[in-house]
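Engineer: Have a look at this one before I ask anything.
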Amino acid sequence: PVPVWRVVATLHGAPDGDTVGGLAAACLMQQPTMTKLLDRMVADGLVGRRRTGRQTRIALTPAGERLA
């Protein structure tokens, strides 16, 4: 789906990943919608969440990199 492709394309080549808010802005989506999409992508093994201080960073998994 197009929203998944947008997230994968945005995160591809970003070794530190991005925040949920940053991804939502880059992909032209509302933050709650992005969160639900990321939940599905985590369940599919395409992205992972990593807590850094007060922020949660989203990055592609190896499976997500292969899809990119």
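The values are calculated or read from the model by the stated rules, or taken from the named source; none is laboratory data. What you see is a predicted model; the values in this text were computed from it and never measured. Here the Cβ positions follow ideal geometry from the backbone for every residue, glycine too, while neighbour counts run over all protein chains shown. Side chains included, ligands, DNA and RNA excluded: accessible areas come from the protein's heavy atoms. Shrake-Rupley method; radii C 1.70, N 1.55, O 1.52, S 1.80 Å.
Engineer: Could you check how much of the accessible area of the chain is carbon and sulfur, as a whole percent, using a 1.4 Å probe?
Structural biologist: For the chain, the apolar C and S fraction of the accessible surface comes to 55 percent.
Engineer: Excluding ligands, DNA and RNA, what is the solvent-accessible area per residue of the stretch 20-68 at a probe of 1.4 Å, expressed in Å²?
Structural biologist: 63 Å²
Engineer: I need the phi-derived Karplus couplings for the stretch 38-46: 6.51 cos²θ - 1.76 cosθ + 1.60, θ = phi - 60°, integer Hz, Gly and Pro marked x.
Structural biologist: Here the 3J(HN,Hα) series is 5, 4, 5, 5, 5, 4, 7, x, 8 Hz.
Engineer: A further question follows. Would you compute, from DSSP H runs of 4+ residues alone, the mean residue ellipticity of the chain at 222 nm, taking -39500 (n - 2.57) per run and dividing by the full residue count, rounded to the nearest 500?
Structural biologist: Result for the chain: -15000 deg cm²/dmol, rounded to the nearest 500.
Engineer: Compute, for the chain, the length of the dipole vector about the Cα centre, with Cβ point charges of +1 (Lys, Arg) and -1 (Asp, Glu) only. Units Debye, rounded to 20. Walk me through the numbers before you get to the answer.
Structural biologist: Values: 9 positive and 5 negative charges, 39 e Å.
Around 180 debye, computed over the chain.
Engineer: Check which residues have an amide H placed less than 5 Å from T19's amide H, if you skip close sequence neighbours.
Structural biologist: Residues meeting the amide H criterion: I58.
Engineer: Under 8 Å for C-alpha pairs, at least 6 residues apart: give me the relative contact order for the chain, rounded to a whole percent.
Structural biologist: 37 percent
Engineer: Report ³J(HN,Hα) in whole Hz for each residue of the stretch 61-68, in order, from the Karplus equation J = 6.51 cos²θ - 1.76 cosθ + 1.60 where θ = phi - 60°; Gly and Pro get x.
Structural biologist: For the stretch 61-68, the Karplus curve yields 7, x, 5, x, 5, 5, 5, 5 Hz.
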